[in-house]
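In what follows, a single structure is set out as structure tokens and then discussed.
The values are calculated or read from the model by the stated rules, or taken from the named source; none is laboratory data. What you see is a predicted model; the values in this text were computed from it and never measured. With ligands, DNA and RNA removed, areas are computed over all heavy atoms of the protein, side chains included. Shrake-Rupley method; radii C 1.70, N 1.55, O 1.52, S 1.80 Å.
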Amino acid sequence: MIDLHTHTLFSDGVLLPAELIRRCEAKGFRGLVITDHVDYSNIDMVIPNVAKACREIAAVSKIKVFVGAELTHVRPEHIKNMVKRARDLGACMVLVHGETITEPVLPGTNRAAIEAGADILVHPGLITEEDARLAKNNGVRLEISGRKGHAYANGHVAKMAKKAGTKLVFGSDSHTPDDLLDRSRAECIARGAGLEEKDIQEMFYEAASLVGL
């Protein structure tokens, strides 16, 4: 299992990076990306500090650990500059909090994230086929989410991705130990979204390729 979407207490998770990494290691994960929520207020603090923890722990850990970031409720007009800022600060992967149906994310966020070339648009809700096609053209992946609430739209996301030929990845969006999902559970969620076995295997292959595993 490679989890591309996890949180620590540097945002709204409950675990220190060291504990999150150890729990993933104990579950037999091959890798994970720590993607704490950031906006204008905390991006300069969160990414360098999580990166420091990742460097220290990864040197002796059994799994590969990477620092990322999830731009969350950032105004669409600012997303492009914030994606660049996150990468400049050392994020190897930049996620944008999409237009999930469970939160009041501003309309236009999905399109702004795609135009900015974010690595992954997470829980994009009722994404349009036009935006899914643009994501394909811009190399932006769409997420099948393991998170309660955000997962409500997984079936729609899978349908739009299949129509457009857009690459999918899976993310647990974990905030607590109980949120961490093994490969078997993640595959069940993907099947529930209507994905076929070939699509599921391609989804996990894409996750591995993103982190070089």
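Per residue, the chain exposes 45 Å² of solvent-accessible protein surface, assessed with a 1.4 angstrom probe and all protein chains in place.
Going by a ≥ b ≥ c, the root eigenvalues of the Cα gyration tensor, does segment 82-213 fall in the rounded group (a/c under 1.5), the prolate group (a/b larger than b/c) or the oblate group? Here segment 82-213 falls in the rounded category. By the Kirkwood approach, averaging reciprocal distances over each pair of separate Cα atoms, segment 54-137 gets a hydrodynamic radius of 13.6 Å. Amide H to amide H distances under 5 Å link residue 38 with 70, 71, 72, where only residues 5 or more positions off or on other chains count and H is placed in the peptide plane. Of the whole protein surface, residue 188 contributes about 60 Å² of accessible area at a 1.4 Å probe radius.
Here the Karplus relation 6.51 cos²θ - 1.76 cosθ + 1.60, evaluated at θ = phi - 60°, turns the backbone of segment 185-202 into coupling constants of 5, 4, 5, 4, 5, 5, 5, x, 7, x, 7, 7, 4, 4, 5, 5, 5, 5 Hz, with x for every Gly and Pro.
Translational diffusion coefficient of segment 1-146 (Stokes-Einstein, Kirkwood radius from Cα pairs, 10 °C, 1.306 mPa s): 104 µm²/s.
Only protein heavy atoms count here; under a 1.4 Å probe, residue 72 has an accessible surface of about 30 Å². A compact globular protein would have a Cα radius of gyration near 2.2 N^0.38 Å; the ratio found for segment 1-74 is 1.03. Within a straight-line Cα-Cα reach of under 17 Å, residue 167 can be paired with the following lysines, leaving aside sequence neighbours fewer than 8 residues apart in one chain: 136, 159, 198.
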